[in-house]
1. I'm trying to understand the selection: among the residues of segment 161-194, which are part of a helix (DSSP H, G or I) and over 16 Å from Lys254 (Cα atoms)?
2. Please enumerate the residues belonging to segment 251-274 that are loosely packed, with under 12 Cβ neighbours inside 10 Å, under 46 Å from the mean Cα position of the chain (by Cα) and within 15 Å of Ile194 (Cα to Cα).
3. Does Leu101 qualify as being at pLDDT 70 or above and assigned to a helix (DSSP H, G or I)?
4. Anything in segment 115-146 that is without any contact (Cβ under 8 Å) to a residue 40 or more places away in the chain and surrounded by 15 or more Cβ atoms within 10 Å (Cβ to Cβ)? List them, or say none.
5. Are any residues in segment 195-222 touching a residue at least 40 places away in the same chain (Cβ under 8 Å) and either open to solvent by 30 Å² or more (accessible area, probe 1.4 Å) or not in a helix (DSSP H, G or I) (or both), and if so, which ones?
6. Output the qualifying pairs, or none if there are none: Cβ atoms under 6 angstrom, residues six or more apart or on different chains, first residue in segment 73-101 and farther than 27 Å from Ser43 by Cβ, second residue surrounded by 12 or more Cβ atoms within 10 Å (Cβ to Cβ) and modelled with pLDDT under 70.
Amino acid sequence: MNDLGGQLMELYTNYFLPLLTTWGLRAIGGVAVLAVGLMFARSVRRALTRVFDKTEMDVTLEKFLTSLFYYLIMTMAGVAALGMMGIQMASVLTIMGAAGLAVGLALQGTLSNVAAGGMLLIFRPFKVGDYVDAGGTAGTISSIGLFATTLNTPDNVHIIVPNSGIYGGTIRNFSHHETRRNDMVVGISYDDDIGLAMDTIRSVLDAEDRVLQDPEYVVAVSELADSSVNIVVRPWCKAADYWNLRFDLTRTFKERLEAAGCSIPYPQRDVHLHNAE
């Protein structure tokens, strides 16, 4: 019995005690590295949040960048902790690389949306509230996310467009500039007085407060069409007044031109009949 107890004590002293001591210290060191990494990552995230708040950065981009730095620091802390515990990092990195490749191939479309979302948030071709034509859809930007952008159409339809479809195509931002030009065409009859018609159009534009004087509007004969003499009218206005001004001018032009004796022609065809006899 004494021999068995001595052997167990010897086994504990020679094998288990050194093993527990070595791995215990390594485990404590790994936990300490993780704790320090966690505190450092949180400090960096708070510091970046304060800096971004001062620069008035987009909220979505701010959350994306702070989270990116946080998880990068935590990943490096995890790798360092595993190394501290004596785990061979070459094997771990190989497994992580293979897993990352498999996940990347499986989520290729999703990752492309994330990459496009990051580019949209960084370069900011539009912002929330802008009216744009992007990804084959026109509407007002409601929100910009990492995966998709949401728009509201003028008839109040909520549309979600993947970011890759927006960033990979042409983006037309109608709200980017404060002013816009209304391109309109007014047709008069060939029998009408062109000078009188143009003076009438100018008087309408001069009386309209929403028409800007700088840049100056343009009134010119643009085409001798089949049924009419076309006069191009290009007044400038504030972007917010674009559609209301266009609707009002269209009606006013017709009423004032008719009052001045001009006619608004419509397509017509003259048919000549000949007696065969």
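1. Asn163, Ser164, Gly165, Ile166, Tyr167, listed by residue number.
2. Across segment 251-274, there are no qualifying residues.
3. No.
4. Ala134, Gly135, Thr137, Ala138, Gly139, Thr140, Ile141
5. Scanning segment 195-222 gives Leu196, Ser203, Glu208.
6. none
The values are calculated or read from the model by the stated rules, or taken from the named source; none is laboratory data. Just so it is clear, the model here is predicted, and its values are computed rather than measured. As a convention, Cβ positions derive from the backbone with ideal geometry for all residues, glycine included, and neighbour counts pool all protein chains shown. Areas reflect the complete protein model, heavy atoms only, side chains present, ligands, DNA and RNA absent. Shrake-Rupley method; radii C 1.70, N 1.55, O 1.52, S 1.80 Å.
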